[in-house]
Amino acid sequence: MKVATIRPGTVFIDAAGSTAQLHGVGIHRFGGLFYAWGEDKSAGATFTAVACYSSPDLVSWTFEGNALEAAHGDIGADRVVERPKVLRRPDGRFVLFLHVDTVGYTAARVGYAIADSPRGPFRYVGSERPLGNSSRDIGVFQEGGAGYLLSEDRDSGLHIYRLADDYLSVAELVATTLKDDGSHGYESPALVRHEGRYYLFGSDLTGWSTNDNKVATAFELAGPWSAWADIAPPGCATFDSQVSTVIQTDDAGDEFVYIGDRWRRDDLFASPAVWLPLQIRDGRAQLRWEDEWRPDMGH
């Protein structure tokens, strides 16, 4: 079933009429299609699969199959696997990045898998604590052939790492950011660049409860990074959502979409999506509410 518009605060229904598992999602455009990799919450908090979907317009989604399924070890059915993100390496292969953990969140590792197609199947390679640091919520970024991992380490802050050439491990620490009061970093990170400036997004550490998500900016990935600012009206808890990623929809790089989740702890399978237009300009990022809207593809 196709839908004509995005309606924030509802679930997406895929082309087969099923509830799309676009939770904690990563989205990237390859070959004229947007691909999305989401947490399949059929089993609730523990791991079932990373589901892959495709769309020409971010509105109508087709299930492409499971990109990665539960197996054993890090990706066993008794483990937590979250925040699937994908980058395409310069050699054309695809790398899937994951937060892999125990149900008690004591492992705090980043996992890597590889495939020849964005649909998968991805072959799980292994995991690490990057440079020995804890790694929970993750994001990814790519520029000039170099890949970067964004990783929340509540002991030390939100880290930006440069990946090794094969994208299957971390090579070096580029920067670490903290809240303005220095207490800890932000989680659920996302990063984009616009008109020579980097915009780093994150969510405060409030568990399942939503909060006012923030953005910081810099002209170099290594910083210095600005103070953090709200991206939505203060006190609205980012329209009751948490950022998962931020994507660009047009070739000119002027149209952005905030991709967020409204987590339902007791019904993760049906947690609604909150996807909204995001204006990025002159060092500011502003999110606006729309009851119903359609992304501008820049055509």
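Determine whether the stretch 246-253 contains at least one residue that is modelled with pLDDT under 95, of a type in the set (S, T, N, Q) and part of a strand (DSSP E or B). Yes: the stretch 246-253 contains one or more residues that are modelled with pLDDT under 95, of a type in the set (S, T, N, Q) and part of a strand (DSSP E or B). Run T217 past the list (1) touching a residue at least 24 places away in the same chain (Cβ under 8 Å); (2) at positive phi and report the number of the one that doesn't hold. It is condition (2) that T217 fails. For beta carbons closer than 7 Å, sequence separation of 6+ or different chains, a first residue in the stretch 162-178 that is of a type in the set (S, T, N, Q) and a second that is assigned to a loop (DSSP other than H, G, I, E, B), the qualifying pairs are T176/S156; T177/G185; T177/W225. Once the stretch 107-145 is narrowed to residues that are buried (at least 17 other Cβ atoms within 10 Å of the Cβ) and aliphatic (A, V, I, L, M), the residue that is farthest from T245 (Cα to Cα) is A107. Where strands (runs of 3 or more DSSP E) sit wholly within the stretch 1-106, those with at least 1 residues that are touching a residue at least 60 places away in the same chain (Cβ under 8 Å) and surrounded by 15 or more Cβ atoms within 10 Å (Cβ to Cβ) occupy 23-30, 33-40, 49-55, 80-88, 94-101.
Within the stretch 38-48, the set of residues being more than 23 Å from V243 (Cβ to Cβ) and either under 15 Å from the mean Cα position of the chain (by Cα) or not hydroxyl-bearing (S, T, Y) (or both) comprises just one member, A43. Just to be sure before I move on: is E172 modelled with pLDDT of 95 or more, assigned to a strand (DSSP E or B) and among the charged types (D, E, K, R) in the structure I sent? So E172 passes the test. Listed conditions (1) in contact (Cβ under 8 Å) with a residue 24 or more places away in the chain; (2) assigned to a loop (DSSP other than H, G, I, E, B); (3) among the polar types (S, T, N, Q) are all met by T206, apart from (1).
Taken over the stretch 210-219, the criterion of being in contact with a Leu (Cβ under 9 Å, 6 or more places away or on another chain) and part of a loop (DSSP other than H, G, I, E, B) is satisfied by N211, N213.
For A222, the criteria (1) outside any strand (DSSP E or B); (2) crowded, with 18+ Cβ neighbours inside 10 Å; (3) not β-branched (V, I, T) hold in every case but one, which is (2). Please pick out the residue among D91, D74 that is touching a Ser or Thr at 6+ places or on another chain (Cβ under 6 Å) and farther than 26 Å from P272 by Cα. The unique qualifying residue is D74.
Looking across the stretch 200-222, just one residue is over 29 Å from R265 (Cβ atoms), of a type outside the set (A, V, I, L, M, F, W, C) and in contact with a Lys or Arg (Cβ under 9 Å, 6 or more places away or on another chain), and that is T217. Here G260 meets the list (1) part of a strand (DSSP E or B); (2) without any contact (Cβ under 8 Å) to a residue 60 or more places away in the chain; (3) out of contact with any helix residue (DSSP H, G or I) (no Cβ under 7 Å at 6 or more places or on another chain) almost entirely, failing just condition (3).
A residue that is in contact with a Gly (Cβ under 7 Å, 6 or more places away or on another chain) and under 15 Å from V170 (Cα atoms) can be found somewhere in the stretch 127-135.
The values are calculated or read from the model by the stated rules, or taken from the named source; none is laboratory data. As the structure is a computational prediction, the values presented were derived from the model and not from experiment. Ideal geometry is used to build each Cβ from the backbone, glycine not excepted, and the neighbour counts take in all protein chains shown.
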